[in-house]
1. Which condition does Ile284 not pass, out of (1) under 30 Å from Tyr249 (Cβ atoms); (2) modelled with pLDDT under 90, if it passes all the others?
2. In this structure, does Lys254 turn out to be among the basic types (Lys, Arg) and under 30 Å from Tyr155 (Cβ atoms)?
3. Pick from segment 40-53 the residues that are surrounded by 14 or more Cβ atoms within 10 Å (Cβ to Cβ) and at pLDDT below 95: which of them is farthest from Leu245 (Cα to Cα)?
4. For Arg232, are the conditions met, namely being at pLDDT 95 or above and over 20 Å from Leu48 (Cβ atoms)?
5. Can you tell me which of Pro276, Pro282 is surrounded by 13 or more Cβ atoms within 10 Å (Cβ to Cβ) and more than 16 Å from the ligand (Cβ to nearest atom)?
6. Could you please let me know if Phe127 is in a loop (DSSP other than H, G, I, E, B), of a type in the set (A, V, I, L, M, F, W, C) and either modelled with pLDDT of 95 or more or open to solvent by less than 60 Å² (accessible area, probe 1.4 Å) (or both)?
7. If a residue must be open to solvent by 40 Å² or more (accessible area, probe 1.4 Å), within 26 Å of Pro71 (Cβ to Cβ) and in a helix (DSSP H, G or I), how many such residues does segment 324-333 contain?
Amino acid sequence: MQVFIITALLVHFVFLISIFDIYFTSPLVHGMTPQQTPLPPPAKRLVLFVADGLRADSLYELDEDGTSRAPYLRNIIEYKGNWGVSHTRVPTESRPGHVALIAGFYEDVSAVAKGWKENPVEFDSVFNESKYTWSWGSPDILPMFAKGASGNHVYTHCYAAEREDFGAEDATKLDTWVFDNVKSFFQSARNNQTLFSKLNEEKIILFLHLLGIDTNGHAHRPDSREYKDNIRKVDEGVKEISAVLEDFYGNDGKTAFILTSDHGMTDWGSHGAGHPSETLTPLIAWGAGVNYAQRVASQLFEDEFLKEWRLETWKRQDVNQGILPLEYLNSSGHFKAESMFANAVQILEQFKVKMSQKKETTLSFLFSTFK
Ligand SMILES: [Zn+2]
């Protein structure tokens with residue numbers, strides 16, 4: 001009997017300790033060599049719009065009168081770009097959502113102990129790998145990516161944290177603030193030779209973080225006039241920014257655009273869990289290197305959305321957040337092959353780092369490599 005109790009206690013003890021080992025140590029590894037394809041990329045610059053808290057159905061569905069509340073983006077889906085639903089993971093919160101989009105990894109569970117606002121571990125991101133990144137938006141999101149970046153090449157333009165209150169009355173102001181600042185930024189670049197030449201470099205990123213829709217959803221719920229009108233405002237803003245860029249770059253056809261969101265929202269205005277209203281986010285991509293929408297006679301999806309959205313004949317390309325599907329690329333087979341190869345070698349890099357870590361902490365006679 002005593003032996004049984006002691007054994008039972010030991011088993012529980014081991015389980016308890018293992019929880020800390022599994023959940024409170026970061027799975028991230030460091031020291032990999034960044035890989036890239038040797039071929040020239042189709043785009044010189046990327047514009048990333050993240051409409052915080054925007055549900056896929058709220059963007060794609062038609063209004064009561066049968067028209068789209070995002071006519072500019074609807075036109076892109078039908079004639080100029082590619083679209084689908086991006087599937088995010090729990091927790092459907094802003095920080096892990098943005099980390100998945102921009103750094104390419106899912107929630108680091110050890111982050112739970114550190115709160116949701118900041119990532120506790122350093123990580124590499126597409127911003128860090130860019131030549132320059134300029135970002136506009138919330139002070140809760142932008143600094144996270146500038147802080148981890150090596151060298152001074154990720155620039156942030158945030159409204160002051162207390163000014164987030166200026167969105168209290170009308171949260172769309174959080175988004176018009178971003179659009180207005182991007183416009184005046186490009187205006188000022190015309191008279192600033194240093195900035196002008198930086199903006200004409202390759203591998204640059206413009207990131208517009210739009211918090212209005214999320215704020216309106218929390219305050220008024222997603223089926224409110226406020227939430228829907230905010231989507232209209234974002235659509236207009238995306239249209240204006242595209243025009244500003246086309247003008248600035250003289251229609252050089254070297255700009256790629258992506259619009260998505262970090263997570264959705266439940267009917268009652270919350271997020272964090274795994275309901276489809278929280279995990280289904282819109283994804284629209286267009287511009288340099290992106291395929292045109294494909295017409296199809298029919299397509300099969302488990303959800304009933306396509307009919308409701310009247311998009312049955314426009315091929316829907318779903319993605320899982322953090323993974324780029326080849327169907328979105330408008331490039332040669334050679335380019336796609338090189339991209340897949342670079343991706344595979346990058347994953348192998350992680351394996352190598354993990355292996356050498358393991359080797360260091362294991363007694364040599366217990367360590368054997370796989371054939
Ligand atoms: Zn968010």
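1. (2)
2. Working: among the basic types (Lys, Arg): yes; under 30 Å from Tyr155 (Cβ atoms): yes.
Criteria met by Lys254.
3. Ranking the qualifying residues of segment 40-53, first place goes to Pro41.
4. Working: at pLDDT 95 or above: yes; over 20 Å from Leu48 (Cβ atoms): yes.
Yes; evaluated as a whole, the condition is true for this residue.
5. Only one candidate passes the filter, namely Pro276.
6. Judged against the criteria, Phe127 is not a match.
7. Looking only at that region, the number is 1.
Yes/no matrix, rows are residues, columns are (1) at pLDDT below 90; (2) in a loop (DSSP other than H, G, I, E, B):
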residue	(1), (2)
Gly322	yes, yes
Phe335	no, no
Val345	no, no
Glu349	no, no
Ser356	no, no
Phe365	yes, no
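The values are calculated or read from the model by the stated rules, or taken from the named source; none is laboratory data. Quick caveat: nothing in here was measured; it's all calculated off a predicted structure. Counting neighbours? That spans all protein chains shown, and the Cβs are built from the backbone with ideal geometry, glycine included. These accessible areas exclude ligands, DNA and RNA; they are computed on the full protein's heavy atoms, side chains included. Shrake-Rupley method; radii C 1.70, N 1.55, O 1.52, S 1.80 Å.
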